[in-house]
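Take a look at the structure below.
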Amino acid sequence: ISDMPNITIDSVEVWKQWCYVDVVADIYLTIDGKSELHVIMAENKAYTMMKENQLYNYPKIIKEAYDNYPRYRNYRDYNLHKVLITCFSSSETSYKQLQQFIEGTDWSIFSVEDLPDWTVDNPTESDLFNDFWLNDWTRYE
């Protein structure tokens, strides 16, 4: 986005475990002078499979909340992005099973190996998370 002069990131808000959804992020953008809301709904399936109720019911929960919550009145045409993140490598059978499970839907799947490797000073407010996922986990890769 930083390479695109006609797009400005106005603000980003993130919630963990919101209405059972692992991560919900509101990204407010200005594109060619027009305000847009992009909602990212991410399910973290580290080493587990996705359930059918997550595939279909979680987007309904988001839609109902965003369609009825007053703070989103100016963003009735928000863009919902459904993302499945897994620790399975794209070459593993379990990854391929997840891919088949979401086939024909508008969900996207990413392995953690597909995600950018960002280094930040204080990534989260959870020392336990930082210690395990960011310090210990890298030893196993």
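The values are calculated or read from the model by the stated rules, or taken from the named source; none is laboratory data. None of the values given here were measured: they were computed from a predicted structure. For neighbour counting, all protein chains shown are included, and Cβ atoms are generated from backbone atoms with ideal geometry for every residue, glycine included. Accessible surface is based on the protein model in full, side chains and every heavy atom, while ligands, DNA and RNA are left aside. Shrake-Rupley method; radii C 1.70, N 1.55, O 1.52, S 1.80 Å.
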Can you find, within the range 81-111, the residue that is nearest to the chain's Cα centre (by Cα) among those that are surrounded by fewer than 16 Cβ atoms within 10 Å (Cβ to Cβ) and without any contact (Cβ under 8 Å) to a residue 24 or more places away in the chain? GLN99
Taking the range 7-50 only, how many residues are closer than 17 Å to ASN79 by Cβ, among the hydrophobic types (A, V, I, L, M, F, W, C) and out of contact with any helix residue (DSSP H, G or I) (no Cβ under 6 Å at 6 or more places or on another chain)? 13
Residue by residue through the range 4-29, note down the ones that are among the acidic types (Asp, Glu) and open to solvent by less than 50 Å² (accessible area, probe 1.4 Å). ASP22, ASP26
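Considering each residue of the range 30-80, count those that are in a strand (DSSP E or B) and either open to solvent by 80 Å² or more (accessible area, probe 1.4 Å) or in contact (Cβ under 8 Å) with a residue 24 or more places away in the chain (or both), and give that number. First the steps, then the outcome.
Of the residues in the range 30-80, the ones in a strand (DSSP E or B) are 30-31, 34-45, 79-80.
Okay, now just the ones that are also either open to solvent by 80 Å² or more (accessible area, probe 1.4 Å) or in contact (Cβ under 8 Å) with a residue 24 or more places away in the chain (or both), so 31, 34-45, 79-80.
So the count comes out to 15.
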